[in-house]
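J.: Okay, handing you the structure first.
The values are calculated or read from the model by the stated rules, or taken from the named source; none is laboratory data. Predicted, not measured: the structure shown is a model, and the values here were computed from it. Because the Cβ atoms are built from the backbone with ideal geometry, glycine has one as well, and the counts that use them run over all protein chains shown.
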Amino acid sequence: MAFSESAPPKRRVASPPPTDPLTRAEQLTVAARALRAAEHICIFTGAGVSAESGIPTFRDALTGHWARFAPEELASPQGFADDPARVWQWYAERRADVRRALPNPAHTALAALAARVSHCTVITQNVDDLHERAGTSAVLRLHGSLFHIRCSAGCAGRVPAPDDAAGDVPAGGVEGIPRCGSCGALMRPDVVWFGEPLPMDAFEAARSAAIACDVFLSVGTSNMVEPAASLPWIAAAHGATVLVVNPTMAGQRSGPSILPIEGPAGVMLPRLMAEAFVGRRVRRQDPPSPR
Ligand SMILES: [Zn+2]
């Protein structure tokens with residue numbers, strides 16, 4: 001059907017011309033160039049980065065004694081109300097898993113990257129402390145931290161979790177669980193549970209950074225669990241170059257500003273840093289001390 005002459009012209013959106021996919025070496029070169037030119041980088045990490053340090057995922061940890069429980073029995077407000085000592089035991093073991101682990105080359109490369117760009121926002125979906133132990137400060141935590149606890153009745157504030165290095169429930173079961181200094185309710189892990197929203201302040205800060213950044217570096221996440229999954233695509237929609245580092249690109253979006261870097265983060269990120277900054281002056285940080 002022809003348009004009448006008085007009809008406003010239609011905006012035509014041309015599909016991008018077909019191009020050959022870049023080789024891995026070309027991808028790294030393009031990604032490195034983007035990192036060098038960036039003034040504000042967002043780093044966004046998921047479970048894959050922790051897995052490369054040997055930290056089991058939530059579901060992978062559901063073995064042995066824990067295999068009989070549904071995830072919701074260990075990580076939901078109802079599960080906590082039903083058996084708070086069981087939930088504390090679960091999280092004590094998760095903290096023990098993390099204490100046994102060490103930052104891997106991906107954490108180290110990301111800390112080095114954060115130290116050398118003028119503005120870097122580090123956002124994680126992980127609840128361990130490996131970014132901090134690798135030397136990254138100021139991490140925006142979308143799912144909270146294993147190493148903090150807060151009031152289960154909703155009082156504001158968080159305090160460090162007890163140093164339960166042995167992986168035991170505080171002595172005395174429920175009687176040993178710390179209580180809120182304000183209201184007396186049981187303290188709970190400061191992590192996001194099934195059925196709970198992400199912390200709004202952290203998510204809004206992450207969203208603002210995604211909108212403002214030049215390069216958004218997504219590492220070790222399939223980007224399929226909303227709302228966090230939308231952050232890379234928000235960044236792309238606002239003009240950022242999005243680098244996706246993951247062993248598989250299944251489930252990831254594609255587009256002209258999205259650059260896949262397929263492989264383990266602990267291998268690909270050091271390569272990327274070498275490509276971007278080799279021979280250039282690095283602002284050194286003190287090496288992390290093992291814990
Ligand atoms: Zn309270």
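J.: One residue is enough: does the range 155-173 have a residue meeting the conditions more than 16 Å from the ligand (Cβ to nearest atom), free of Cβ contacts under 8 Å to residues at least 60 places away in the same chain, outside any loop (DSSP other than H, G, I, E, B) and among the charged types (D, E, K, R)?
T.: For the range 155-173, residues more than 16 Å from the ligand (Cβ to nearest atom), free of Cβ contacts under 8 Å to residues at least 60 places away in the same chain, outside any loop (DSSP other than H, G, I, E, B) and among the charged types (D, E, K, R): absent.
J.: Just checking, which of 218, 208, 152 is surrounded by fewer than 18 Cβ atoms within 10 Å (Cβ to Cβ) and polar (S, T, N, Q)?
T.: 208
J.: Out of everything in the range 140-154 that is within 8 Å of the ligand (Cβ to nearest atom) and either at pLDDT below 95 or assigned to a loop (DSSP other than H, G, I, E, B) (or both), what residue ends up being nearest to residue 209 (Cα to Cα)?
T.: Across the range 140-154, the extreme among qualifying residues is 154.
J.: Something else about it: With the requirement that a residue be β-branched (Val, Ile, Thr) and touching a Gly at 6+ places or on another chain (Cβ under 8 Å), what does the range 28-55 give you? Give the derivation first.
T.: We begin by selecting, within the range 28-55, every residue β-branched (Val, Ile, Thr); these are 29-30, 41, 43, 45, 49, 55.
Across the range 28-55, the qualifying residues are 45, 49.
J.: Quick one: which residue in 75, 70 is touching a residue at least 60 places away in the same chain (Cβ under 8 Å), touching a helix residue (DSSP H, G or I) at 6+ places or on another chain (Cβ under 9 Å) and over 22 Å from residue 246 (Cβ atoms)?
T.: On the way: 70 fails: touching a residue at least 60 places away in the same chain (Cβ under 8 Å).
One residue alone meets the criteria, 75.
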